[in-house]
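To start, the structure itself, in structure tokens.
Just so you know, all these numbers are worked out from the coordinates, no wet-lab data involved. Nothing here was measured: the structure is a model prediction, and the numbers come from that model. Note: ideal-geometry Cβ built from the backbone for every residue, glycine included; neighbour counts use all protein chains shown.
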Amino acid sequence: TNLLTILFLVFFCFQANAQTFGVKAGLNLANMLSKDDDDTYSDDFKMNPGFHLGLAADFPITDFLSFEPGLLFMTKGMRFNQDILGFSVKGKLNLYYIDIPLNMKATFKAGDNLKVFATAGPYIGLGLSGKAKSTTVYQGEKETHSEDIKWGGDEDEDDFKRLDFGLTFGAGVEIKAISIGLSYDLGLANISSYKNDGTKISNRVLKLSVGYRF
């Protein structure tokens, strides 16, 4: 899409002029907020393990403050387990995104080769693909269902809107060129294609990252 092309071009222009850049990867624990005017359905959701990997650049502003944009391929979604009237239902929603975090980063020396940092800023995400899977067991009989996610704004045909955005908060340590960090993505976009009854669905992702800076 045109939006994805623009995001790639902007990031690589950043990277070409950055003082440092690096790679980043790690574990995602994804969940979702899902509610409407009647109920909050995500109270029964569980975290869905996944991953993220990508690039990050660093633009120094002062001795301790810098601008850190990134480009990440990552998973989002959720899991759920329910027992209803003798039916045991297990489900999983896997969503794949390209995210562009635009963080401000504060770094403080804590030793000769050790630094601690805190980050915060907005992110923009674009849904690429996804799959919903469910398994129902009743009286020993098992039935499995799987379908691809349809992206778009048509409430009759589509599942989720592609555009996601929100805020990221994080902290961690740097040991020479290696960084270890924990961050949380708070989705602010309503990605639900269904608009009636006050329906709202938003992404939530806890990330544990390991990075290497060149």
CD proxy at 222 nm, helix term only [per DSSP H run n ≥ 4: -39500 (n - 2.57); per residue of the chain; nearest 500]: -2500 deg cm²/dmol
Cα long-axis angle, helix 2-17 against the chain (0 to 90 degrees, to the nearest 10): 20 degrees
For the chain, built as a Gaussian network whose Cα springs stay under 10 Å, the top-fluctuating residue of Ile84, Ile124, Ile100: Ile84
Of Leu29, Gly111, Phe169, farthest towards positive along the dipole that unit charges on Lys, Arg, Asp, Glu beta carbons give the chain: Gly111
Length released on extending from Tyr96 to Lys195, taking residue separation times 0.36 nm less the Cα-Cα span: 33.4 nm
Protection-proxy order for peptides 138-150, 173-185, each taking the mean of Cβ atoms within 10 Å per residue, highest first: 173-185, 138-150
Modelled FRET efficiency - R0 22 Å, Lys133 with Asp39, Cβ distances, 0.05 increments: 0.40
Value of Rg/Rh across segment 92-181 [Cα atoms, Kirkwood radius]: 1.23
Burial order of peptide ranges 191-197, 70-76, 166-172 (average beta-carbon count within 10 Å, highest first): 70-76, 166-172, 191-197
Part-to-part distance (alpha-carbon centres) for segment 142-196 and segment 116-136, which is given in Å: 3 Å
For Ala106, net neighbour charge (Lys/Arg +1, Asp/Glu -1) across residues whose Cβ lies under 13 Å away: -1
GNM flexibility winner over the chain from Pro49, Pro101, Pro60 (Cα, springs under 10 Å): Pro60
Net charge, Asp39 excluded, C-beta distance under 15 Å - Lys, Arg +1, Asp, Glu -1: -4
